[in-house]
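Rule-based calculations on the coordinates, nothing more; no lab input. Source: prediction; values computed, not measured. A quick note on method: Cβ atoms are made from the backbone with ideal geometry, for glycine too, and the neighbour counts reach across all protein chains shown.
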Amino acid sequence: MNTVRVGVIGAGSISVSHLNSYKNNANAKLVAIFDLQEERAREKAEKYEIEHIFTDYRELLASPLVDAVSICTWNDTHAQIAMEALQAGKHVLVEKPLAQTVEQALQVERAAKESGKLLQVGFVRRFANTTRVAKQFIDAGELGDIYYAKVSCLRRLGNPGGWFSDKKRSGGGPLIDLGVHVIDLCWYLMGRPKVKSVSGNTYRKLGNRSHIQNLSYYKSADYNASNDVEDLANALIRFENGASLMVDVSFTLHAKKDELSVKLFGEKGGVEMEPELTLVTEKHNTVLNVHPQLDHLKFEFTSAFQNEIDHFIACCQSGEQPLSSVQDGVEIMKILCAVYESADKSVEITFS
Ligand SMILES: NC(=O)c1ccc[n+]([C@@H]2O[C@H](COP(=O)([O-])OP(=O)(O)OC[C@H]3O[C@@H](n4cnc5c(N)ncnc54)[C@H](O)[C@@H]3O)[C@@H](O)[C@H]2O)c1
């Protein structure tokens, strides 16, 4: 099979995971890179031996040397660059979220259909080994129908600042940045049911708390203290099959410690994805906690990322639709946007 020649657009923090994983994939070759900050692109090009540094993403997209692109830019550019890439005949791996609005997401979906090229959304948690194992048990019916999921991804202090806290560039705060991953994980494991209604709340109470001392946290490269995104979002999502998902996510909160818990409950059993993969079931009138033996019982970022990139390259070669498809990107945008709309209007949003 032909080697897939890859261009990377956006050379910031997450690009490193893309670059490392492509480098490890024998069927991929890194050939081009572009960032608004040329120095950043140059530094990555040297490190990863990338021959072509472009000065405009449209030039990169027009290049016949490139078969596929990773889009690792700020959220406000994902949809536009993805559409142009598809129209230029490139396969696309776009970082989450697919877009900032449902309309944009639908435009990308149309572009993918018209171009016949593939688009994979960077829902990296789907590609974790823990997710694969849980999915096997769920698909085999061991948990029965899953009717409830509950997920908390709470940072007590962790607004990254910079573009993350600039609503125009990010589209929102913890919901669109962190919530997107954990909502997608639950939705995927629940069997991707059609969303029926969403009721959400967002709060901007604490700001980015840049005055806090003695606690360290991740700050974006272009950190500044301006901030117009929510601190906290919560939502109750109902699905047409009667199942429901409760979620809360924060960049900052007066909480004792950070919390990540992802739990799904079925008629025959349950599964906790985080803080540690555990299955819950009953046998002979006794409830059992089942602890599988895996190298990692929590989400392991590096291997999940490698799986995600390997999958993308394999799809480019085979023409098969990716596991995290553009359609799924659209469905997740519907949920995220409905949470924001519900919070803004203080009403439940229903889908027909
Ligand atoms: N999958 C994950 O777990 C994960 C983790 C972190 C970030 N992300 C996503 O990756 C994307 C980038 O996040 P990051 O943490 O790398 O941010 P970052 O600020 O470190 O890097 C973003 C880079 O994109 C460049 N850029 C912005 N607009 C551009 C454009 N139009 N053309 C070319 N370059 C452009 C910036 O100059 C910057 O170098 C975001 O969408 C974010 O949601 C995903």
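Comparing 226, 165, 244 in a Gaussian network model of the chain, where Cα atoms under 10 Å apart are tied by springs, the biggest mean-square fluctuation is seen for 226. Applying both filters, DSSP loop and at most 12 other Cβ atoms within 10 Å, to the trypsin sites (Lys or Arg not before Pro) of the range 174-246 gives 194, 204, 205. Using the Karplus relation 6.51 cos²θ - 1.76 cosθ + 1.60 with θ = phi - 60°, the per-residue 3J(HN,Hα) values for the range 233-242 come to 9, 9, 7, 10, 10, 9, 10, 4, 7, x Hz, with x marking Gly and Pro. Relative to the Cα centre, the charge distribution of the range 88-154, modelled as +1 at Lys and Arg Cβ and -1 at Asp and Glu Cβ, gives a dipole magnitude of about 220 debye.
The H on the amide N of residue 230, modeled in the peptide plane, is under 5 Å from the matching H of 173, each at least 5 residues off or on a different chain. Couplings 3J(HN,Hα) for the range 197-214, derived from phi with the Karplus relation 6.51 cos²θ - 1.76 cosθ + 1.60 (θ = phi - 60°), are 7, 9, 10, x, 9, 10, 10, 10, 10, 10, x, 8, 6, 5, 7, 5, 10, 6 Hz, where x marks Gly and Pro. Among the chymotrypsin sites (Phe, Trp or Tyr not before Pro) within the range 151-237, those in coil by DSSP and having at most 12 neighbouring Cβ atoms inside 10 Å are 218. If you take the square roots of the eigenvalues of the alpha-carbon gyration tensor of the range 4-125 and sort them as a ≥ b ≥ c, do you get rounded (a/c under 1.5), prolate (a/b over b/c) or oblate? The shape class here is prolate.
When only the Cβ of Lys, Arg, Asp and Glu is charged (+1, +1, -1, -1), the dipole of the chain relative to its Cα centre reaches about 460 debye. Computed from backbone phi, the HN-Hα couplings of the range 285-296 come to 6, 10, 7, 10, 9, 9, 9, x, 9, 9, 4, 10 Hz, rounded to whole numbers (Karplus: 6.51 cos²θ - 1.76 cosθ + 1.60, θ = phi - 60°; Gly and Pro given as x). Take every DSSP beta bridge whose two residues both sit in the chain; close to 60 percent of them are antiparallel.
Using the Cβ-Cβ distance between residue 36 and residue 287 with R0 set to 35 Å, the FRET efficiency from 1/(1 + (r/R0)^6) comes to roughly 0.05.
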